[in-house]
Amino acid sequence: MVEVQTKEADSPENSTEKKEVPEKDVFSWRAPERPFKRRDRQFWITIVAIASIFGLILFLAEGVMPVILIISLIFLFYVLSTVEPEETIYTVTNKGIKISEKLTDWQVLTRFWFTKRLDSDLLVFDMNVVPGRLELVVHSKDKDKIRDILTSYMKEEEAQPSNIDRTASWFSRFLPKG
């Protein structure tokens with residue numbers, strides 16, 4: 001008996017190799033790395049007063065460790081509120097979102113929406129990996145163009161606020177606007 005070997009497996013039609021599509025920039029813009037707003041003296045006096053009262057209560061109930069945590073959080077917030085962010089380049093490509101040459105694939109991003117925080121327009125992506133959200137600062141004039149491009153890759157749908165979001169909003173109502 002003679003066996004006949006066919007070359008069908010080697011033909012280009014049956015090849016399981018995927019051809020690598022080159023990355024192509026679709027839209028790019030320069031913006032600050034994070035939202036930023038300078039705070040006035042009255043704001044910091046209010047924050048320190050609230051933190052002091054809260055810290056005293058926690059010190060009496062739990063000891064010194066919660067107070068150290070509060071002090072470190074206020075210091076972090078102070079640094080983020082006084083040091084202006086650098087500008088970076090954001091790019092929408094055919095493979096994902098690039099922030100300073102670091103690519104986040106479309107498979108990781110699930111949906112997007114626009115919001116505003118600290119007088120900055122933000123483009124927010126829901127992610128299916130930790131940290132869960134990706135927020136990019138955008139210019140108002142670019143929002144429509146970015147929306148048109150992104151809707152071809154994913155849906156625009158704002159996520160419901162989480163418990164942490166609702167708690168932060170509730171606390172922010174008591175702080176001065178400056």
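The values are calculated or read from the model by the stated rules, or taken from the named source; none is laboratory data. Computed from a prediction, not measured in an experiment: that's the story for all the values here. Cβ: placed from backbone, ideal geometry, glycine included. Neighbour counts: every protein chain shown.
A few remarks follow.
Okay, residues lined up against (1) at pLDDT below 95; (2) surrounded by 11 or more Cβ atoms within 10 Å (Cβ to Cβ); (3) farther than 30 Å from ASP126 by Cβ:
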| residue | (1), (2), (3) |
| --- | --- |
| GLU17 | yes, no, yes |
| PHE27 | yes, yes, no |
| GLY55 | yes, yes, yes |
| LEU58 | yes, yes, yes |
| VAL64 | yes, no, yes |
| VAL67 | yes, yes, yes |
| VAL83 | yes, no, no |
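- Of all residues making up region 25-47, the number that are β-branched (Val, Ile, Thr) and under 18 Å from ARG117 (Cβ atoms): 1
- Residue in region 30-50 that is small (Gly, Ala, Ser) and more than 30 Å from ILE99 (Cβ to Cβ) present: yes
- The selection criterion, being free of Cβ contacts under 8 Å to residues at least 12 places away in the same chain, assigned to a helix (DSSP H, G or I) and under 17 Å from SER172 (Cβ atoms), holds for LEU76.
- Those residues of region 52-95 which are over 27 Å from VAL108 (Cβ atoms) and charged (D, E, K, R), in sequence order: GLU62, GLU84
- Of all residues in region 42-51, those satisfying the criterion of being free of Cβ contacts under 8 Å to residues at least 40 places away in the same chain and surrounded by fewer than 12 Cβ atoms within 10 Å (Cβ to Cβ) are ILE45, ALA49.
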